[in-house]
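Undergrad: There's a structure below that I have some questions on.
Nothing in this text is a laboratory measurement; each read-out follows from the coordinates by a stated rule. What you see is a predicted model; the values in this text were computed from it and never measured. Methodologically, a virtual Cβ is constructed for each residue, glycine included, from the backbone with ideal geometry; neighbour enumeration extends over all protein chains shown.
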Amino acid sequence: MESLVLLVLLVVAYAIGSNLEKKHFKKIIEREKMYYNKPVVNFGVKNWSGKRKVKKVELVSAEVCLGADYFKSFISAIRNVFGGRMVAYESVLDRGRREAILRMREKAYAAGADIIVNVRIESSMNNNMYVQGSVPRILLVAYGTAVTYE
């Protein structure tokens, strides 16, 4: 009986988690389309600016914290026994990275920036192993220098 309950909970977690993840990816893709012509680069302004005069430079950053669902945690726990890639978490990392970059872009371009340079992304997996039922959380920070030209 307990196995049946566990199986039902895993199926429900998988269905809900997959649906929410698909919706989030769809929203991310729609928002990314607005910024296709707005550059975000990982090198300095000297490599990009040419002869344009810089008007304003400021740090922009954005943070995202996403939790993995119980199905991904269950599958990853099994995978952890044998070792190898944690494929279940890769889509969570991808969503988080894209969301953090999007939020950073939204802040910078709303403030009138022309480009974001020296973009970096920091990530950390946070799991409280001392709390039963705790699911892993992925923390991502995207930051860069927003440059506005005259």
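Undergrad: Give the dimensionless ratio obtained when the Cα radius of gyration of the chain is divided by 2.2 N^0.38 Å. Intermediate values should be presented prior to the final figure.
TA: On the way: Rg = 19.6 Å, N = 150, 2.2 N^0.38 = 14.8 Å.
Dividing the Cα Rg of the chain by 2.2 N^0.38 Å gives 1.33.
Undergrad: How long is the gain from R52 to M125 if the chain were fully straight, where each residue apart is worth 0.36 nm and the alpha carbon distance is subtracted? Before the final figure, lay out the partial values.
TA: Values: separation 73, 0.36 × 73 = 26.28 nm, distance 4.05 nm.
Once the chain is fully extended between R52 and M125, it gains 22.2 nm.
Undergrad: Trypsin sites (Lys or Arg not before Pro) within region 77-131: which are DSSP loop residues with at most 11 other Cβ atoms inside 10 Å? Mind dumping the intermediate values first?
TA: Values: sites: R79, R85, R95, R97, R98, R103, R105, K107, R120; in loops: R85.
Those satisfying the criteria are R85.
Undergrad: Sorting S18, S73 on the 10 Å Cβ count, fewest up front, what's the list?
TA: Values: S18 14, S73 19.
In order of increasing Cβ crowding within 10 Å: S18, S73.
Undergrad: Of K72, K38, K33, how do they rank once you tally other Cβ atoms within 10 Å and put the fewest first?
TA: Values: K72 24, K38 13, K33 9.
Result, fewest neighbours first: K33, K38, K72.
Undergrad: Let me check against my output: what whole-number percent is the relative contact order of the chain, with C-alpha pairs under 8 Å and at least 6 apart? Display every interim value, and only then the final one.
TA: Numbers: 215 pairs, mean separation 52.0, N = 150.
Once normalised by length, the contact order is 35 percent.
Undergrad: With everything on Cα atoms, drop me the angle between helix 87-110 and the longest principal axis of the chain, reported from 0 to 90° to the nearest 10.
TA: 30
Undergrad: Any idea how many Lys pairs in region 1-149 come in under 26 angstrom at the alpha carbon, given 8 or more places apart or on separate chains?
TA: 29
Undergrad: Can you find, among N126, L10, M34, the residue farthest towards the positive end of the dipole of region 2-149? Put +1 on the C-beta of Lys and Arg, -1 on that of Asp and Glu.
TA: M34
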